[in-house]
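Before any comments, here is the structure.
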């Protein structure tokens, strides 16, 4: 029987790729979910293989019920039960003045940060309950504390995502399943384009450590929550932003 695996959604680039590579380094097989970027996902799988890890690509739309059902079934058939889920996938995050925001703008964000995690959880939950163990790690955002202007649709959805974390942690704790949120600060990755140091100055003014973070900083926090060391940590929100926010 194959051993269980880790699922990282949105793993073809950026934070998802860094998280996947870090988790693969712990010796776990990683299923690299993505929606469109075949080349990017293959590159991540290649880097993991060259580093001595194990991974496979899993292309499916995490916001679509049938796609998730089929995609998750294929992961289990390929790599065994999913023991750790990292809900990282995201879509476009346009700046929209509040007077121009529509309900569909909010739904666009909720599909990624509420609907998708729910669909994935419902697929992995029977196996996790049977095993008496499991880890759900939601990738949130510091915007829920900062309240960035013209991003009410995104901020509200990320806040809802952590609401899921708290409710699921209470409900699933008796089954040995932990649920936590990692909240990155602004860490420029591929989707931010060419960000130069000068562009980050205003943001860094509020960062206690005085420098920008790196994708590996977020990946380390996720790796901790996925490890046996975090077996007694659930329902928590861990900010990885150099002290931009403090709770």
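Of all the residues in region 26-56, those that are free of Cβ contacts under 8 Å to residues at least 40 places away in the same chain, outside any helix (DSSP H, G or I) and surrounded by fewer than 24 Cβ atoms within 10 Å (Cβ to Cβ) number 8.
Here are the criteria: (1) within 16 Å of residue 184 (Cα to Cα); (2) buried (at least 22 other Cβ atoms within 10 Å of the Cβ); (3) more than 14 Å from the chain's Cα centre (by Cα). Tell me which single one residue 93 does not satisfy. Answer for residue 93: the failing condition is (2).
Just to be sure I understand, how many residues within region 61-109 are in a loop (DSSP other than H, G, I, E, B) and over 30 Å from residue 231 (Cβ atoms)? If you could, list the steps in order and put the result at the bottom.
Start the filter on region 61-109 by keeping residues that are in a loop (DSSP other than H, G, I, E, B), which leaves 61-64, 80-81, 88-97, 101-102.
From what's left, over 30 Å from residue 231 (Cβ atoms): 61, 63-64, 91-97, 101-102.
Residues that pass the stated criteria total 12.
Restricting the search to helices (runs of 4 or more DSSP H) fully inside region 113-208 and requiring at least 3 residues that are under 23 Å from residue 90 (Cα atoms) gives 116-131, 143-146, 152-172.
Scan region 212-224 and tell me whether some residue there is more than 19 Å from the chain's Cα centre (by Cα), modelled with pLDDT under 95 and more than 17 Å from residue 10 (Cβ to Cβ). It would help to see each step written out before you state the result.
The initial filter retains those residues of region 212-224 that are more than 19 Å from the chain's Cα centre (by Cα), namely 212.
Next cut, modelled with pLDDT under 95 only: 212.
So of that shortlist, the ones also more than 17 Å from residue 10 (Cβ to Cβ) come out as 212.
Checked region 212-224: at least one residue is more than 19 Å from the chain's Cα centre (by Cα), modelled with pLDDT under 95 and more than 17 Å from residue 10 (Cβ to Cβ).
Can you tell me which residues in region 212-230 are part of a loop (DSSP other than H, G, I, E, B) and touching a strand residue (DSSP E or B) at 6+ places or on another chain (Cβ under 7 Å)? Scanning region 212-230 gives a single hit, 213.
Restricting region 1-15 to residues that are part of a loop (DSSP other than H, G, I, E, B) and surrounded by fewer than 24 Cβ atoms within 10 Å (Cβ to Cβ) leaves a set whose member that is modelled with the lowest pLDDT is 1.
The values are calculated or read from the model by the stated rules, or taken from the named source; none is laboratory data. Not measured: the values here are computed from a predicted model. Glycine gets a Cβ as well: all are built from the backbone with ideal geometry, and neighbour counts include every protein chain shown.
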